[in-house]
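Here's the structure, in structure tokens; my notes come after.
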Amino acid sequence: MKEKAVASAPGKVILFGEHFVVSGYPAIVTAIKMRAKATLTPRHDKFMIKSGQTSAVWNSNGEQIYPSTATPFQPLFNMASRIMEDFGISSFFNAEIHSESPGAAGLGSSAAVSVALAKALASLYNIDMSIESVIHYSMLAEKEFHGRPSGIDSHITAIGGTLLYNGPGKYQNLKLDKHPEILIVYTGIKRKTSKMVSYVQNLSAERPDEFTQLTEIYSELYKKAVEALKSNDLILLGRLMTVNHLLLKCLGLSNTVVENVVETLLEKGAYGAKITGAGGGGCVIAVGDDELAKHLSGHFPSCWKSETGCKGVSEEA
Ligand code: PMV
């Protein structure tokens with residue numbers, strides 16, 4: 001066993017196809033530069049997971065002994081216990097978690113954390129864990145966090161780059177000469193992915209004809225989006241993003257705050273803008289020219305420019 005293991009994994013943005021991917025359509029997802037980091041050290045008698053000022057402690061029987069109320073760390077602890085059980089490890093650890101992206105905002109923070117933790121555990125205990133296994137364990141935690149994830153977040157944060165994603169294990173790495181830079185604007189509204197996913201799934205069951213029409217438009221849009229990315233045509237990419245946003249709006253996933261952000265981005269010269277992730281708040285993404293970020297200064301309290309196609313999970317020294 002090592003004395004310390006550190007791993008980090010990227011957040012993500014869905015460029016095209018959130019929600020449609022839950023219904024079996026392919027989506028385009030890319031890794032961003034904001035990362036989550038897990039630092040692991042061995043300890044003697046208990047398990048601890050800590051992030052900022054919040055922590056939780058479990059005893060050797062896996063019972064949470066601090067605090068007395070539920071914490072968001074339980075799915076991570078369950079995942080770690082499962083890894084240790086599967087690989088026959090009986091030991092204890094301290095895990096310190098840090099994520100550069102806000103949670104519940106569509107940037108894949110929870111999957112990045114679980115993937116970084118799985119990788120750090122593998123490193124600490126010298127486990128030879130394949131990337132498929134890292135994804136598998138992360139998805140166990142994601143199921144507890146989100147109910148019915150498509151697996152897109154666990155895949156992109158483990159693999160990195162830009163993926164054409166069509167379900168667990170069904171993806172293609174989209175090789176691009178140039179990955180576009182994107183702007184990410186946080187609306188400040190946290191929302192639950194599981195709630196948004198159930199809402200859309202219910203809607204598609206109740207109004208199948210309308211939903212099918214939207215999926216037909218989406219399927220055409222997806223093909224054009226792949227071409228726009230391959231040819232690095234940012235103007236076309238932006239237009240297609242705005243059309244994707246309108247489809248999400250038709251599904252009832254926007255609100256006045258999100259619409260104000262999208263409108264401001266377009267007014268200030270973005271080629272296109274859309275919700276990214278589950279919708280109902282979270283983040284909006286946009287593409288534009290190099291000047292766009294300057295034109296936006298002072299408009300949004302939380303706005304980041306990010307490279308895309310960033311590297312997946314990795315061990316750190
Ligand atoms: O958790 P978010 O906001 O990144 O949403 C994930 C994208 C969805 O398609 C809405 C859900 C899923 O599991 O694919």
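The values are calculated or read from the model by the stated rules, or taken from the named source; none is laboratory data. Given the structure is predicted, the values throughout are model-derived calculations rather than measurements. All Cβ positions, glycine included, derive from the backbone under ideal geometry; neighbour counts span all protein chains shown. The area values use the complete protein model at the heavy-atom level, side chains included, leaving out ligands, DNA and RNA. Shrake-Rupley method; radii C 1.70, N 1.55, O 1.52, S 1.80 Å.
Structure notes:
- All Cα pairs of the chain, percent lying beyond 24 Å: 52
- For the range 160-211, the gyration tensor built on C-alpha atoms gives an oblate shape. Its axis ratio a/c (a ≥ b ≥ c) is at least 1.5, and a/b is not larger than b/c.
- The phi torsions of the range 129-144, fed into the Karplus equation with coefficients 6.51, -1.76 and 1.60 and a -60° offset, translate into couplings of 9, 6, 5, 5, 5, 4, 4, 4, 5, 4, 5, 5, 5, 4, 5, 6 Hz, rounded to whole numbers, with Gly and Pro shown as x.
- Lysine pairs with alpha-carbon atoms under 19 Å apart, the range 1-68, spacing 8 or more or separate chains: 8
- Relative contact order %, the range 184-297, counting alpha carbon pairs below 8 Å whose residues are six or more apart: 35
- Ranked by how many other beta carbons lie within 10 Å on average, peptides 6-15, 55-64 from highest: 6-15, 55-64
- Where only DSSP H runs of four or more residues are counted, the chain gives -12500 deg cm²/dmol as its mean residue ellipticity at 222 nm, each run worth -39500 (n - 2.57).
- Nonlocal amide H pairs with Gly277, under 5 Å, H built at 1.01 Å: Ile14, Glu18
- In order along the range 217-233, the phi-based Karplus estimate (6.51 cos²θ - 1.76 cosθ + 1.60, θ = phi - 60°) of 3J(HN,Hα) comes to 5, 4, 4, 5, 4, 4, 4, 5, 5, 4, 5, 4, 5, 4, 8, 6, 8 Hz; Gly and Pro are listed as x.
- Nitroxide proxy distance, nm - points 7 Å out along Cα→Cβ at Glu227 and Glu63: 6.3
- Taking a straight Cα-Cα cut-off under 19 Å and skipping sequence neighbours fewer than 8 places away in the same chain, the lysines within cross-link reach of Lys249 are Lys190, Lys192, Lys195, Lys274.
- Residue among Tyr222, Ala317, Ala205 farthest towards the positive dipole end of the range 177-317, charges placed on Cβ: Ala205
- Taking amide hydrogens as placed 1.01 Å from N in the peptide plane, the amide H of Ser99 sits under 5 Å from those of Lys37, each at least 5 positions away in sequence or on another chain.
- Using the 1.4 Å probe convention, the accessible area of the chain works out to 44 Å² per residue with neighbouring protein chains retained.
- Within the range 137-286: Cβ-based charge dipole about Cα centre, in debye rounded to nearest 20 (Lys, Arg +1; Asp, Glu -1): 280
- When the Cα gyration tensor is reduced to axis lengths a ≥ b ≥ c, the ratio a/c is 1.5 or higher for the range 90-223, and with a/b above b/c it is classed as prolate.
- Other-chain or far-sequence residues with amide H under 5 Å of Lys33's (modelled H): Glu307
- The 3J(HN,Hα) values that the Karplus relation (6.51, -1.76, 1.60; θ = phi - 60°) gives for the range 248-262 are, in residue order, 5, 5, 4, 7, x, 9, 9, 7, 5, 5, 4, 4, 4, 5, 4 Hz. Gly and Pro appear as x.
- Magnitude of the charge dipole, the chain, Cβ model with Lys/Arg +1 and Asp/Glu -1, debye to 20: 300
- Bridgeable lysines around Lys230 (alpha carbons under 18 Å apart, same-chain partners fewer than 8 residues away excluded): Lys175, Lys178.
- Ordering of 101-111, 250-260 by packing [mean C-beta count within 10 Å, highest first]: 101-111, 250-260
- Shape of the range 170-317, Cα gyration tensor, a/c cut at 1.5: rounded
- Computed accessible area, Asp290, all protein chains, 1.4 angstrom probe, square angstrom: 120
- Expressed as a whole percent, the accessible area of the chain that falls on carbon and sulfur atoms is 50 (1.4 Å probe).
- Reported to the nearest whole Å, the Cα centre-to-centre distance from the range 65-104 to the range 246-317 is 31.
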